[in-house]
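First up is the structure itself, then whatever we jot down about it.
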Amino acid sequence: MNKIGLFYSFNTVKTKQQVNKIKKSLGEDNIEEKNVEEITQEEFNKYKNYILAIPTWFDGELPNYWDEFLPAIEDDSFKGKTFALFGGGDQKGYPENFVDGLGLMADFIEKRGGKIVGLTSTEGYQFESSKAQRGDKFVGLALDIENQAALTEERVSKWVEQLKKEFK
Ligand SMILES: Cc1cc2nc3c(=O)[nH]c(=O)nc-3n(C[C@H](O)[C@H](O)[C@H](O)COP(=O)(O)O)c2cc1C
């Protein structure tokens, strides 16, 4: 397996907790961590395998730091690259926009030729609509620390086992 570039905001609290669980499951040797708030286009493009942390903010939007970085890579091609997405959401607080950020990012990547892996079942979540939903799947791993914190550990370890098979 190629080294995975794990991109998230180092200034988050909840995302960081989720990242720590992912790191533990996947093994730190397989990962290089990068702070989305400080990366350049060149640093982003160095990898073949990516895990991107995308919590949803502002009623169905990306957090500011992703919105501010994406213009730097909007003209790039992600052909031959593989991406796995995860992110926090709150299905009770935002049932109409649950983990929308995952869907927004999946669209951005696929438009540029990247492949998304790590899709997960929507079973076990209750929400009204989500841009991250495709059929009975999310385009990544949805973690809901507000309402389902106890399920996070198991969701992460299942997802990581899946990624070990899906990343090349
Ligand atoms: C102002 C605000 C807006 C939010 N909007 C959404 C939303 O639209 N959809 C959703 O699923 N979760 C939403 N959430 C929940 C966050 O995505 C969730 O708490 C996440 O774990 C935050 O991670 P972070 O603190 O690492 O950024 C929102 C949270 C806040 C505080």
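The values are calculated or read from the model by the stated rules, or taken from the named source; none is laboratory data. Everything quoted here is computed from the prediction, not taken from an experiment. Here the Cβ positions follow ideal geometry from the backbone for every residue, glycine too, while neighbour counts run over all protein chains shown. To get the accessible areas, we keep the full protein, side chains included, count just its heavy atoms, and leave off ligands, DNA and RNA. Shrake-Rupley method; radii C 1.70, N 1.55, O 1.52, S 1.80 Å.
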If you build the Cα gyration tensor of segment 62-168 and take the root of 5 times each eigenvalue, what three semi-axes come out, in whole angstrom, biggest first? 23, 17, 12
Would you please give the residues with an amide H less than 5 Å from that of Thr122, counting only those at least 5 places away or on a separate chain, with H modeled from the backbone geometry? Lys137, Phe138
Under a Cβ-only charge scheme (Lys and Arg +1, Asp and Glu -1), can you give me the dipole magnitude of the chain about the Cα centre, in debye to the nearest 20? 840 debye
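Rounded to the nearest 500, what is the 222 nm mean residue ellipticity of the chain from helices alone, with -39500 (n - 2.57) per DSSP H run of 4+ residues and division by all residues?
On the way: 5 runs with 57 residues, N = 168.
Theoretical 222 nm ellipticity from helices: -10500 deg cm²/dmol.
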On the accessible surface of segment 4-166, probed at 1.4 Å, how many percent belong to carbon and sulfur atoms? 45 percent
³J(HN,Hα) computed for each position of segment 47-56 - Karplus, 6.51 cos²θ - 1.76 cosθ + 1.60, integer Hz, glycine/proline x: 9, 9, 10, 10, 10, 10, 9, 10, x, 9
I need the phi-derived Karplus couplings for segment 95-107: 6.51 cos²θ - 1.76 cosθ + 1.60, θ = phi - 60°, integer Hz, Gly and Pro marked x. x, 8, 10, 4, 6, 3, x, 4, x, 4, 6, 4, 4
With DNA, RNA and ligands ignored, accessible area of Glu153 (1.4 Å probe; Å², nearest 10): 100 Å²
Accessible surface, per residue, of segment 44-101 when the full set of protein chains is kept, probe 1.4 Å, Å²: 42 Å²
Compute the distance in nm between two label points, each set 7 Å from the Cα along the Cα-to-Cβ direction, one at Glu37 and one at Asn11. 0.3 nm
